[in-house]
Amino acid sequence: MIDGGEAIRKLALNVARYSGLAPLAKPFVGGIGAILMLHRVTATPEKPNGVNRHLNIAPGFLDAVVADMKANGYTFVAMDEAIERIKAGGKGGQFAAITADDAYRDNMTEALPMLEKHGAPITIYVAPGLIDGAADLWWEVIEDIINARDRLTLMTPDGPVTIDCSTPGKKLQANARLHALLTLEVREEDQRKVLRELARSNGIALEGLRSSTLMNWDEIRAIAAHPLVTIGAHTVNHRNLKRLSEADARHEVDDVRRILQAELGDEPRHLAYPYGYASAVGGREVGFARDAGYVSAVTTRHGVLRAEHSGFLHALPRISINGRYQSVAHIRTMLSGVTTPLANAGKMVVTI
């Protein structure tokens, strides 16, 4: 959640922008379109200065991005049409598909009205475990736990360890420590148990901290009926597939289709891999998505779409529209294509 490379990336964006490189390069490296990635969209975040604030953008910024892209020739399409356009090599002009991960309630209450204004479709990727409460938005929970205490006790194989959370800087360090614990040190299957034990051992009622920011099933059913909305799958429990056994990973990818069909009446055709970065999805996981019958699957790898992606429909990159880069100029630079090779060791066609 803590991104030490943010300043470097913003510097690169500004160099590309102010040097004039981005607009000059766009006709050559801008690709055929882009898939945009959102999480939260709200003008009133509960923790505006929190460590996870990068997951949120203001509705007005989304409005400005969509308006600017339309003014620059992008056509906004649903994921089904986006896939057909990729297969056709981008014939018909540059296009964009908007996606949102996790089914935050503000996608319905604040993002959708903006998208209605522009007639822009959105695909919302749902993880049923998060909706049912069987899985946790652990990155939000650890922030809440840290904010509630000046000191935490972390049980380790070598005994209890005290974590100082007494200052804003110490809280950032504590967040990084717990983030590493839950994503690297404990098994994916044990993540929830460890999180709940952390809360219990520090006298914190986890249920009282449980996020109320996600849509419930009634709200998801209502938004699924909207003509601009497609519901996609985000696995069953939002687990890191690469850290699971083959049987467990296939369960996450396969069974979510059955659950969403039972809840909503339709099987999802599109998948978003949880986390989506290199340590969460590779060739094995792409194979699972393909085997499960999804039409497409998206990562969080940074990149524009190119005609060559017709051969990689289950490993598509996205452009993250997030709180770190709430500048239309930054998004223009990303869409120019110049940042795609910069973020991917020189690769122009970003897959996995």
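The values are calculated or read from the model by the stated rules, or taken from the named source; none is laboratory data. For clarity, every value in this text was computed on a predicted model and none was experimentally measured. Using ideal geometry, Cβ is built from the backbone for each residue, glycine included, and neighbour counts are taken over all protein chains shown. With ligands, DNA and RNA removed, areas are computed over all heavy atoms of the protein, side chains included. Shrake-Rupley method; radii C 1.70, N 1.55, O 1.52, S 1.80 Å.
Before moving on, here are some points about what is shown:
- Restricting attention to the range 17-47, the residues that are in contact with a helix residue (DSSP H, G or I) (Cβ under 8 Å, 6 or more places away or on another chain), farther than 30 Å from Asp102 by Cβ and either hydroxyl-bearing (Ser, Thr, Tyr) or open to solvent by less than 10 Å² (accessible area, probe 1.4 Å) (or both) add up to 1.
- When the criteria are applied in full, Ala111 fails the requirement of being of a type in the set (A, V, I, L, M), part of a helix (DSSP H, G or I), within 21 Å of the chain's Cα centre (by Cα) and more than 22 Å from Leu55 (Cα to Cα).
- Breaking point among (1) hydrophobic (A, V, I, L, M, F, W, C); (2) over 26 Å from Ile231 (Cβ atoms); (3) at pLDDT 95 or above; (4) crowded, with 21+ Cβ neighbours inside 10 Å, for Ala297: (2)
- Residue within the range 90-108 that is in contact with a helix residue (DSSP H, G or I) (Cβ under 7 Å, 6 or more places away or on another chain), aliphatic (A, V, I, L, M), open to solvent by 10 Å² or more (accessible area, probe 1.4 Å) and assigned to a helix (DSSP H, G or I) present: yes
- Here Tyr294 meets the list (1) under 24 Å from Ile321 (Cα atoms); (2) of a type in the set (Ser, Thr, Tyr); (3) in a loop (DSSP other than H, G, I, E, B) almost entirely, failing just condition (1).
- Filtered by the rule that a residue be buried (at least 16 other Cβ atoms within 10 Å of the Cβ), of a type in the set (A, V, I, L, M) and assigned to a loop (DSSP other than H, G, I, E, B), the range 187-217 gives Ile204, Met215.
- Hey, Leu181 of a type outside the set (D, E, K, R) and part of a helix (DSSP H, G or I) or not: yes
Rundown of residues vs (1) farther than 29 Å from Gly265 by Cα; (2) part of a helix (DSSP H, G or I); (3) without any contact (Cβ under 8 Å) to a residue 40 or more places away in the chain; (4) not β-branched (Val, Ile, Thr), yes/no style:
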residue: Ala222; (1), (2), (3), (4): no, yes, no, yes
residue: His226; (1), (2), (3), (4): no, no, no, yes
residue: Thr235; (1), (2), (3), (4): no, no, no, no
residue: Lys242; (1), (2), (3), (4): yes, yes, no, yes
residue: Asp254; (1), (2), (3), (4): no, yes, yes, yes
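- Qualifying position, being surrounded by fewer than 24 Cβ atoms within 10 Å (Cβ to Cβ), under 30 Å from Gly20 (Cβ atoms) and modelled with pLDDT of 95 or more, among Ala262, Ala307: Ala307
- Selection status of Val253, at pLDDT 95 or above, more than 30 Å from Ala22 (Cα to Cα) and not polar (S, T, N, Q): yes
- Qualifying residue in the range 297-305 (condition: charged (D, E, K, R), under 18 Å from Met37 (Cβ atoms), touching a Gly at 6+ places or on another chain (Cβ under 6 Å) and not in a helix (DSSP H, G or I)): no
- Odd one out for Met155 among (1) assigned to a helix (DSSP H, G or I); (2) open to solvent by 20 Å² or more (accessible area, probe 1.4 Å): (1)
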